[in-house]
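Student: Questions regarding the structure given below will be posed in turn.
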Amino acid sequence: MKALNILCRKKEYQNKRTWLQKLKDQKYLYVMSLPFVLMVFVFSYIPIWGWSIAFQDYKLGLPFWEQSWVGFKHFITMFQDDKFYTALANTFGMSMMGLLLGFTIPIIFAILINELRHKLFKQTVQTISYLPHFVSWVVVAGIVYKMLSTDSGPINQLIQLFGGEPVQFMAKPELFWGIVVLSDLWKEMGWNTIIFLAAVTAIDPALYEAAKIDGAGRFRRIWHVTLPGISNVIIVLLVLSIGNLMSIGFEKQFQLQNNVVAEKAMVLDLYALVFGIGNRKFGFGAAIGVAKSVLSLILLFTANALFKKQTGKSVM
Amino acid sequence: MMEPVIKIKGTSGERIFDIVNNIIMTLILIITLYPFLNVLALSFNSSMDSVKGGITIFPRVFTLDNYITIIKFGNIPRAFMISVLRTFFGTTTSLIACSMVAYALSRKNFSFRKILSPFLAITLYVSGGLIPVFLLIRDIKLMNNFLVYILPPMVNAFYIFMIRTYMDNLPEELFESAKMDGANDFAIFYKIMMPLCKPVLATIALFIAVAQWNTWFDTYIYCGSKPELSTLQYELMKILQNAQLTAGDAAVYANQAMAIQTVTPDSIKMAITIITITPILVVYPFLQGYFVEGMTLGAVKG
């Protein structure tokens, strides 16, 4: 019994030694990673804990345990607020339109780029079409206002050239969604082709040769070889985009909006920004954030489940 | 006999396809470039002349007055400096931080690795959202502080995983022999790993730098009440948004400018837009390849 005890002690000691030894061996790795892990904890994990604010009447300056808990009060107020439904409709409206255009057009554009024969022209198209991606939304909004302005904006000049009346594009609420989506398309269309182009170049050239020998023309080769070749990438990206339908951000809406169209620009994030931070209703703002995250997760899991049912694979 | 006929038919169809395709592409190029060139031309055109309209891609009455007005009267030069500083420090610190963590993750013997990987991955999918982050920044006294531009975006899980994937594909023997020679992990990281990772580091440095240069939201929400910390994007935003509603800052500029020259808010806006995008336009053509490489790398592995 005693011997066993000593043996155990010895083993424990050895374990401890190797553990210490290991720590010593890896001390540089710890020094190189732990400070930054701490930063991730502070800037990413503490805000997740901040979701609890959604269930409090949060008051600035009070410590956590002195905040008063209100249960689902903020959620109930939110669901009774007409503005919430406007924000929900705006978010979904713009993101669905964005998905429809922002997803299909880059695919078509990528295929057309791939079909270009002149190498230098192909490179020029790629270089230039990626460019707007690197320009901020502040600048893009300024450019959009300039292009659509009624005094000497090129679009209105074109309209007048063909005998039309100039249109006050930025002062028409019913046009706002379209303007946001088209501006986004202008900015990101080229950049979004990259992934599809990479997938296209991975297709075995022998398939094209075979199709050619079988007498397939340009369109039929695109339809029967290129599209099936990139269908996997398309589906994965589609599922991920559906998961991101709620998270379209607010940058473009914020930058492009003005007082006249504000009603159509208010997406969920802007709603949270205006009421949460602007009006200092922090608990209410956090509740909007929580509702948004929950909706996003539901969308993502639904899309993923549908995908799994179809293909037997999971995106996540 | 039949074959050549089919072939001719095929090529004429192909030729039409090529022509149409080239026309579409040319149109896309025009739609992409024209707005930039138009703004550029307006920024170099005399204000009084621009009002008449009709400027396309060349200035009609060339002038530097719009730029001179901005440099003389505005807080634009200071905002430009802040933008340069945040881009420089933001990029260097973030790059160092991300590559150090990536190095630790890529060491197979690192005990902490199994926990660290999911710990970072979770941040890719779950985030606290606007309000909790705002309150956190407020609580840790980063409001109206230059560090708010640097610290919160510094450690980025996505970039860490990109660098780690690149490191994992390097031959392990390189580091084992260095270890035999008694080099410690930091020396291996600094002397061997960093030089080998140049391509991926360049790509990520560019991504971070562009994000730092282009962002306006952190200035707007955290430093809005401290003009000394204002950035170029934020100044541009204020001028654009004010002028869209009534006459705001841009009119102030213009009024100040009246003393020596007549400059309209519109021309001022164009000139600031050009100042804001020039750094990107200058580096972009040379570095485009890196961006694309990084994009596909991230897409395939992420």
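Student: Going Cα to Cα from B:K114, which aspartates and glutamates come in below 16 Å? Please leave out same-chain ones fewer than 8 positions away.
Tutor: Partners found: B:D168.
Student: Rounded to the nearest 100 Å², what's the accessible area chains A and B bury against each other, both chains counted, probe 1.4 Å? Can you show the working numbers first?
Tutor: Values: alone 20760 and 18340 Å², together 31520 Å².
Roughly 7600 Å² of accessible surface disappears when A and B pair.
Student: According to the square roots a ≥ b ≥ c of the eigenvalues of the Cα gyration tensor, what is the shape class of the protein assembly as shown, taking rounded for a/c under 1.5, prolate for a/b larger than b/c otherwise, and oblate for the remainder? Let's see the in-between values first.
Tutor: Details: a/c = 1.64, a/b = 1.21, b/c = 1.35.
Here the protein assembly as shown falls in the oblate category.
Student: Taking the radius of gyration and the Kirkwood hydrodynamic radius from Cα positions alone, what is the Rg/Rh ratio for the range B:136-228, to two decimal places? Could the numbers behind the result be given before it?
Tutor: On the way: Rg = 18.3 Å, Rh = 16.0 Å.
Ratio value, two decimals: 1.15.
Student: For the Cα atoms of chain A, what angle does the longest principal axis make with the long axis of helix A:27-40, in degrees from 0 to 90, nearest 10?
Tutor: 60 degrees
Student: With every protein chain present, what accessible area does B:K191 have (1.4 Å probe, heavy atoms only), rounded to the nearest 10 Å²?
Tutor: Accessible area, nearest 10 Å²: 150 Å².
Student: Same structure, new question: For the range A:112-142, list whatever residues lose no less than 50 Å² of accessible surface once every protein chain is in place, relative to that chain by itself, with the probe at 1.4 Å.
Tutor: A:L112, A:F121, A:T127, A:I128, A:L131, A:F134, A:S136, A:V138, A:V139
Student: Does the range A:74-168 come out rounded, prolate or oblate by the C-alpha gyration tensor, with a ≥ b ≥ c the root eigenvalues, rounded set by a/c under 1.5 and, if not, prolate when a/b is larger than b/c and oblate if not?
Tutor: Details: a/c = 2.47, a/b = 1.41, b/c = 1.75.
Cα axes put the range A:74-168 in the oblate bin.
Student: Give the long-range amide H neighbours of A:Q56: residues separated by 5 or more places, or on another chain, with amide H under 5 Å away, using H modelled in the peptide plane at 1.01 Å from N.
Tutor: Long-range HN contacts for A:Q56: A:V70.
Student: Right, next: What number results when the radius of gyration of the range A:75-311, computed over Cα atoms, is divided by 2.2 N^0.38 Å? Don't skip to the answer; put the middle values down first.
Tutor: Working: Rg = 21.3 Å, N = 237, 2.2 N^0.38 = 17.6 Å.
Here the Cα radius of gyration is 1.21 times the empirical estimate.
Student: Put one equal scatterer on each alpha carbon of the range A:14-105, apply the Debye formula with no solvent term, and list log10 I(q)/I(0) at q = 0.14, 0.20, 0.25 1/Å to two decimals.
Tutor: For the range A:14-105 at q = 0.14, 0.20, 0.25 Å⁻¹, log10 I(q)/I(0) is -0.84, -1.03, -1.14.
Student: Report, in debye and to the nearest 20, how large the dipole of chain B comes out about its Cα centre when Lys and Arg carry +1 and Asp and Glu carry -1 on their Cβ. Before the final figure, lay out each step's value.
Tutor: Details: 22 positive and 18 negative charges, 60 e Å.
In total the dipole reaches around 280 debye.
Student: For chain B, take N as its residue count and report Rg(C-alpha) divided by 2.2 N^0.38 Å. Write out the running numbers ahead of the final one.
Tutor: On the way: Rg = 25.7 Å, N = 302, 2.2 N^0.38 = 19.3 Å.
The reported ratio for this selection is 1.34.
Student: If you don't mind, there's one more thing I want to ask. Suppose we keep just the alpha-carbon trace of the range A:201-316; what are its Rg and Dmax in angstrom?
Tutor: 21.8, 69
Student: How far is helix A:227-243 tilted, in degrees, relative to the longest principal axis of the Cα atoms in chain A, given as a value from 0 to 90 rounded to the nearest 10?
Tutor: 60 degrees
Student: Once a ≥ b ≥ c are taken as the square roots of the eigenvalues of the Cα gyration tensor of the range A:110-165, is the result rounded (a/c under 1.5), prolate (a/b larger than b/c) or oblate (a/b not larger than b/c)? Spell out each step's value before the answer.
Tutor: Details: a/c = 3.96, a/b = 1.67, b/c = 2.36.
Note, shape of the range A:110-165 comes out oblate.
Student: In chain B, which helices (entire DSSP H runs) extend 30 Å or more along their own long axis, judged by Cα positions, while averaging at least 0.0 on the Kyte-Doolittle scale?
Tutor: Values: long enough: B:2-43 (62 Å, 1.07); B:76-106 (44 Å, 1.19); B:265-301 (47 Å, 1.02).
Answer set is B:2-43, B:76-106, B:265-301.
Student: Are any of the pairs A:K59/A:K83; A:K281/B:K226; A:K83/A:K187; B:K72/B:K226; A:K73/A:K313; B:K52/B:K226 more than 31 Å apart by Cα-Cα distance, and if so, which? Present the calculation step by step, with values, prior to reporting the outcome.
Tutor: Values: A:K59/A:K83 24 Å; A:K281/B:K226 23 Å; A:K83/A:K187 29 Å; B:K72/B:K226 21 Å; A:K73/A:K313 40 Å; B:K52/B:K226 38 Å.
With Cα atoms farther than 31 Å apart: A:K73/A:K313; B:K52/B:K226.
Student: Considering only B:P77, A:V274, B:I96, whose Cα is most displaced toward the positive end of the charge dipole of the protein assembly as shown, charges sitting on Cβ of Lys, Arg (+1) and Asp, Glu (-1)?
Tutor: B:I96
Student: Just the projected area, averaged over all directions, of the convex hull on the alpha carbon atoms of the range B:76-222: how many nm²? Present the calculation step by step, with values, prior to reporting the outcome.
Tutor: Values: hull surface 40.7 nm².
Computed as one quarter of the Cα hull surface, the answer is 10.2 nm².
The values are calculated or read from the model by the stated rules, or taken from the named source; none is laboratory data. Please read these numbers as outputs of a predicted model, since none were measured by experiment. Please note: Cβ atoms are built from the backbone with ideal geometry, for glycine as well, and neighbour counts cover all protein chains shown. These area figures cover heavy atoms from the full protein model, side chains too; ligands, DNA and RNA do not enter into them. Shrake-Rupley method; radii C 1.70, N 1.55, O 1.52, S 1.80 Å.
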